[in-house]
Every structure is written in C-alpha cells, then in structure tokens.
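Read the figures in this text as sums done on the coordinates, not as results from a lab. Please read these numbers as outputs of a predicted model, since none were measured by experiment. Because the Cβ atoms are built from the backbone with ideal geometry, glycine has one as well, and the counts that use them run over all protein chains shown.
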C-alpha cells in the first residue's frame, strides 16, 4: 500500500486562487473592470468546455475567486492561469496550488 506522503506528491488537480484588486470589487467594479471580468468568464467557459475545469466561483465576501483545474502538472495550471484575461490585464493576482481531491462518503 502506498505511503500517504507519496500520495500527497501526486496531485489530482490544481487550485487557482484569483485575488481581485480590492475586497469591495464585487460591489464597485468600474465599467472597464466589468469588461475584463466578462472576458474572464468567457475564458473560464472555454476552459470548462475543454474538459480542464472542475469548478469555479467567487467567494461571496470579496476574498477572491477559485477554480479547480483538471490538470496534472503545475506548468499546465500556470499556463491556464496566465491565459486568463483578468490576469493578463493585471486585474487579478493569481496563484496555483497542487491539491489531491477524493470522494467523500457519508
């Protein structure tokens, strides 16, 4: 049986954290920021359609947005993040983190 430490070294997905420029962003985004946000949403739809996105959504307290990428390397996740129009425009600051997801049974 594999040691638990070995399993941690083999991520199943990558977590993408997108930080907005300010906590109040969801309430006071400018017209230009809304336009960039629209391109961000369209991009996430493209990533989902390609089969490389498990889920995405915002934190409702203004903390930021998350996405779970269905890729197996940090490089793939970093490319997906770097191609996000909100990252390209400097609207969001982003980081990616390896994670290992498992099914939860009741």
Relative to the longest principal Cα axis of the chain, at what angle does helix 31-49 sit, 0 to 90 degrees, rounded to 10?
30 degrees
Final fewest-first order of 32, 78, 103 on the 10 Å Cβ neighbour count is 103, 32, 78
Return 84, 28 ranked ascending by Cβ neighbour count within 10 Å, so the fewest neighbours appear first.
28, 84
For the residue pair residue 88 and residue 66, what label-to-label distance in nm results when each label sits 7 Å from Cα along the Cα-to-beta-carbon direction?
2.7 nm
Residue 79-residue 33 FRET efficiency (beta carbon distance; Förster radius 22 Å; 0.05 resolution)
0.40
